[in-house]
1. Hey, among Val116, Val147, which residue is at pLDDT below 95, assigned to a helix (DSSP H, G or I) and not small (Gly, Ala, Ser)?
2. What are the residues in region 154-175 that are of a type in the set (A, V, I, L, M, F, W, C) and surrounded by 10 or more Cβ atoms within 10 Å (Cβ to Cβ), if any?
3. Without any contact (Cβ under 8 Å) to a residue 60 or more places away in the chain, closer than 30 Å to Val174 by Cα and exposed (fewer than 10 other Cβ atoms within 10 Å of the Cβ): does that describe Ala127?
4. Looking at Glu134, Glu141, Glu122 in this structure, which one is on the phi < 0 side of the Ramachandran plot, loosely packed, with under 10 Cβ neighbours inside 10 Å and not in a loop (DSSP other than H, G, I, E, B)?
5. For region 92-103, state whether one or more residues are out of contact with any Cys (no Cβ under 7 Å at 6 or more places or on another chain), at pLDDT below 90 and assigned to a helix (DSSP H, G or I).
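The values are calculated or read from the model by the stated rules, or taken from the named source; none is laboratory data. Values in this document were obtained by computation on a predicted structure and should not be read as measured data. Quick reminder, even Gly has a Cβ in these numbers, built from the backbone with ideal geometry, and neighbours come from all protein chains shown.
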Amino acid sequence: MALPEEPVPPAVPSCPLPGKICHVAREERPGSCCGMAMAGFRTSKYQLPEWHRRNARVFNQAYTVGEEAQRGRAEAGHLRRHAAACAQRAQQHSKSTLGQRLQDIHFWRVELQKEVMELDAETNLLAAQKLRLERALDATEVPYGVVTDNLQCRERRQPPDLVIDEVERQLLKVGGH
């Protein structure tokens, strides 16, 4: 199915617009739009002495405002310098405090490292002592086994040979009975 072609809008011939200027007579105007906007304003011109007084008043006001602005700028400059000095002092104090804390941290770090090394050395000594004691204990196992075997043999003797003599006393000392 073929789409229908869109209709072309009719062409409008171009021609220059008429150059008509409308003049409205002053008397024919319905009312001035400036009347309400100008309410409260003086419609007559200033007299020369009046203009001089008003101009002097405006000049004095401008001078006063300028002086106030100058005082404000001076006070702002003083406050800026004061704030900068306070910030500089606070920064110096913080810097010195931070430096002192860094020194303290370094000192305690060195002290802790010394303690760790001493504890490590002491732990190594204790481990060596433990190993030596374990070996000594292992070395007593065989003689202990012999002593307990001898004591058990003596306890199995018949009543005429069942005697507590010096040998048995020594075996009991060694065996811990």
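1. Values: Val116 fails: at pLDDT below 95.
Selected residue: Val147, the only one of Val116, Val147 that is at pLDDT below 95, assigned to a helix (DSSP H, G or I) and not small (Gly, Ala, Ser).
2. Residues of region 154-175 that are of a type in the set (A, V, I, L, M, F, W, C), as a first pass: 162-164, 167, 171-172, 174.
Of everything in region 154-175, those that are of a type in the set (A, V, I, L, M, F, W, C) and surrounded by 10 or more Cβ atoms within 10 Å (Cβ to Cβ) turn out to be Leu162, Val163, Val167, Leu171, Leu172, Val174.
3. Numbers: without any contact (Cβ under 8 Å) to a residue 60 or more places away in the chain: yes; closer than 30 Å to Val174 by Cα: yes; exposed (fewer than 10 other Cβ atoms within 10 Å of the Cβ): no.
When the stated conditions are applied, Ala127 does not pass them.
4. Numbers: Glu134 fails: loosely packed, with under 10 Cβ neighbours inside 10 Å; Glu122 fails: loosely packed, with under 10 Cβ neighbours inside 10 Å.
After ruling out the rest, the residue left standing is Glu141.
5. Pass one, region 92-103, residues out of contact with any Cys (no Cβ under 7 Å at 6 or more places or on another chain): 92-103.
After this cut, where a residue has to be at pLDDT below 90 as well, the list is none.
No - not one qualifying residue is present in region 92-103.
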